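The values are calculated or read from the model by the stated rules, or taken from the named source; none is laboratory data. As the structure is a computational prediction, the values presented were derived from the model and not from experiment. Cβ coordinates were reconstructed from backbone atoms using ideal geometry, including for glycine residues, and neighbour counts include every protein chain displayed. Heads up: the accessible areas ignore ligands, DNA and RNA and are worked out on the full protein's heavy atoms, side chains in. Shrake-Rupley method; radii C 1.70, N 1.55, O 1.52, S 1.80 Å.
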Amino acid sequence: MGKGEELDAKWEACLDLSLRRVVYSSLAGAFGGLLFFRSPTTRWASVAFGAGVGIGSAYTECSSLFAGSATKIAPPQVHDTPIQNVPDTE
């Protein structure tokens, strides 16, 4: 498989994942809005929140798929220095 074909496969997988997550999250937000809220404004807000969750989730997954993850956080540095006991001044 060539480099171009591999890149095309990644883009196709990313597009498929993005569409699925946005649609499913929006539907979950719509269902939650119908179940919990009365006002049309809050129902639309729950749909928008669901879509935002789907977009964010898809972005995170796609960025890790392309190995350029923006969410990688460096692990904390652990030092092997012993803790010094401080004598009580009382």
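Put a dot 7 Å past the Cα of Ala45, heading toward its Cβ, do the same for Lys10, and the two dots end up 3.9 nm apart.
If R0 is 41 Å, the Cβ-Cβ spacing of Arg38 and His79 corresponds to a FRET efficiency of close to 0.15.
A protection proxy built from the mean count of other Cβ atoms within 10 Å ranks the segments 51-64, 33-46, most packed first, as 51-64, 33-46.
Taking all protein chains as present, what is the carbon and sulfur share of the accessible area of segment 3-63, in % to the nearest whole number, probe 1.4 Å? Please list the in-between numbers first.
Details: 3140 of 4490 Å².
Exposed carbon and sulfur together represent 70 percent of the surface.
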